[in-house]
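J.: Shown below is the structure under consideration.
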Amino acid sequence: MAHLVFTLSPLLLLLLSSVQPTHAVDYQVINNAANTPGGKRFANEVGINYSRDTLSAATTFIWRIFQQANPADRKGVQKVTLIVESMDGVAYTLNNEIHLSANYVAGYSGNVKIEITGVLYHEMTHVWQWNGNGRAPGGLIEGVAD
């Protein structure tokens, strides 16, 4: 039995050394508008766990669409934060932060979970897309995300 353990150990080390790191991304969701109608609706009808799972699923989808199977081809993002806050508009992305309007969530008349899923996919595209060092036209950036 000891011989079997010593035989398997080098094989196990070889296998482990060939495994690529997963380059996991940390997803954080903060509801800064929890006491507003939109913040409450976000919490009740969308939720932090669902949002975190959607950000992760969107990342996998975007990497596949952008053909970025190799981590070296991706932006070096280690953490993405979704912040729900009282503001005008729908949402915007600044670097690795997605800002979602609690006002929009409160006023949306349809299935808000489906709507926010689409918004999160759109905004996650901005997190992962390259922008030509800031020189790409805004219409191109938005068109890719759409």
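What follows draws every value from the coordinates through simple rules; no lab data is involved. Values in this document were obtained by computation on a predicted structure and should not be read as measured data. Note that each Cβ is placed from the backbone with ideal geometry, even for glycine, and that neighbours are counted across all protein chains shown.
J.: Name the pairs: first residue in the stretch 25-47 and closer than 27 Å to TRP128 by Cβ, second residue part of a loop (DSSP other than H, G, I, E, B) and of a type outside the set (Val, Ile, Thr), Cβ to Cβ under 7 Å, at least 6 apart or on different chains?
T.: Pairs found: VAL25/GLN78; ASP26/GLN78; ALA33/SER86; GLY39/ALA33; ALA43/ALA34.
J.: Does any residue of the stretch 127-139 turn out to be under 20 Å from PHE42 (Cβ atoms) and under 19 Å from the mean Cα position of the chain (by Cα)?
T.: Yes, there is a match, as at least one residue in the stretch 127-139 is under 20 Å from PHE42 (Cβ atoms) and under 19 Å from the mean Cα position of the chain (by Cα).
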